[in-house]
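Participant: Supplied in structure tokens, the structure appears directly below.
No lab work stands behind these numbers, since they all come straight from the coordinates. This one's a predicted model, so the numbers in the text were calculated from it and none came from an experiment. Note that we place each Cβ from the backbone using ideal geometry, even for glycine, and neighbour counts take in every protein chain shown.
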Amino acid sequence: MLYLDSIGIDLFSLLSTHPPIVSAAAADIKSVVDFLRSAAGLTSSDLRRIAAMCPEILTSKISTLVPIFTFLLREAAVEGSDLRRVIHRRPRLLLCSVESRLRPTLYFLQSIGIAEINKHTSLLSASVEQKFIPRIDYFQKIGFNYRDTISMFRRFPSLFCYSIEHNFEPKFDYFMVEMGRELKELKEFPHYFSFSLENRIKPRHRRCVEKGVFLSLPAMLKTGEERFQGRLEVCCNSSIPVRTSPLWCTNYDDDNAL
């Protein structure tokens, strides 16, 4: 208890999430903590995050951690200076088997053309069969062919992290039914799914409709509030933009468009 308290970890909270900690030897926990500090440069703050998210790491064996660090450095091409950031962002990596999870996932991501795995290490702990394949299947189900689907995931790998039920389905329904847009826009801008439906997509789309303005998805969603409002004002109050401009407005007369 004293040792855990010295690095800011509350034993009683830890016990509720990982009861085996009570039977672990203090010397064993300390050896794991010392290894994580020396191998990845983890701070006390990082260790508290690990204890909260993946307490099992504290009672793991160094012999199981070493292969994971070796994999990250040699196969996933993570720079030594980036190890702390990688582990801090996704502690669960330290609980994954290299043979049955990390390496198969790495090979799958490489097979679909995601080359810089070191920029997407949080995906390595995910199951190809349980997480990646269902999301690829969903995009084909809603109308994309396999080639376009893979292209979207290659351009925006974070798609693999989003929930089908709570993210893809409601946002896609709104895109098709309320916005009435074409699939090719999602193909070109899969980042659409990264924006909040209630706080960004719906409010901005409704304001565009009220103004009679059509903005491309990037122009409508990526910019800050001030710039977005400025674009609406430009569309409604300035000279007519060319049709290919992101500021093209649906209430312009086609005969007068440049």
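Participant: Just to be sure before I move on: is ASP5 surrounded by 11 or more Cβ atoms within 10 Å (Cβ to Cβ) and either part of a helix (DSSP H, G or I) or within 31 Å of the chain's Cα centre (by Cα) (or both) in the structure I sent?
Facilitator: In short, no.
Participant: Quick one: would you say PHE108 is crowded, with 16+ Cβ neighbours inside 10 Å, out of contact with any Gly (no Cβ under 6 Å at 6 or more places or on another chain), over 21 Å from ARG74 (Cα atoms) and without any contact (Cβ under 8 Å) to a residue 60 or more places away in the chain? Outline the logic, then answer.
Facilitator: On the way: crowded, with 16+ Cβ neighbours inside 10 Å: yes; out of contact with any Gly (no Cβ under 6 Å at 6 or more places or on another chain): yes; over 21 Å from ARG74 (Cα atoms): no; without any contact (Cβ under 8 Å) to a residue 60 or more places away in the chain: yes.
Against the criterion (crowded, with 16+ Cβ neighbours inside 10 Å, out of contact with any Gly (no Cβ under 6 Å at 6 or more places or on another chain), over 21 Å from ARG74 (Cα atoms) and without any contact (Cβ under 8 Å) to a residue 60 or more places away in the chain), PHE108 does not qualify.
Participant: Here's something else I'd like to know. So which of GLU129, GLU99 ends up being assigned to a helix (DSSP H, G or I), of a type in the set (Asp, Glu) and within 15 Å of PHE160 (Cα to Cα)?
Facilitator: Criteria check complete, one pass: GLU129.
Participant: Can you run down the residue pairs with Cβ atoms below 8 Å, 6 or more apart or on separate chains, where the first is in the range 59-75 and under 14 Å from ALA40 (Cβ atoms) and the partner is in a loop (DSSP other than H, G, I, E, B) and aliphatic (A, V, I, L, M)?
Facilitator: Correct list of pairs: LEU72/VAL78.
Participant: Kindly evaluate ARG89 against the criterion of being more than 23 Å from PHE132 (Cβ to Cβ) and surrounded by fewer than 18 Cβ atoms within 10 Å (Cβ to Cβ).
Facilitator: no
Participant: So, one more: Restricting attention to the range 152-178, and to residues there that are touching a helix residue (DSSP H, G or I) at 6+ places or on another chain (Cβ under 6 Å) and of a type in the set (A, V, I, L, M), which single residue is farthest from GLY113 (Cα to Cα)?
Facilitator: Looking at the filtered set, the residue picked out is ILE164.
Participant: Anything in the range 170-192 that is within 13 Å of LEU221 (Cα to Cα) and part of a loop (DSSP other than H, G, I, E, B)? List them, or say none.
Facilitator: Within the range 170-192, PHE189 is the sole residue that qualifies.
Participant: In the range 174-194, which residue that is within 16 Å of GLN140 (Cβ to Cβ) and among the charged types (D, E, K, R) is surrounded by the most Cβ atoms within 10 Å (Cβ to Cβ)?
Facilitator: Applying the filter and picking the extreme gives LYS187.
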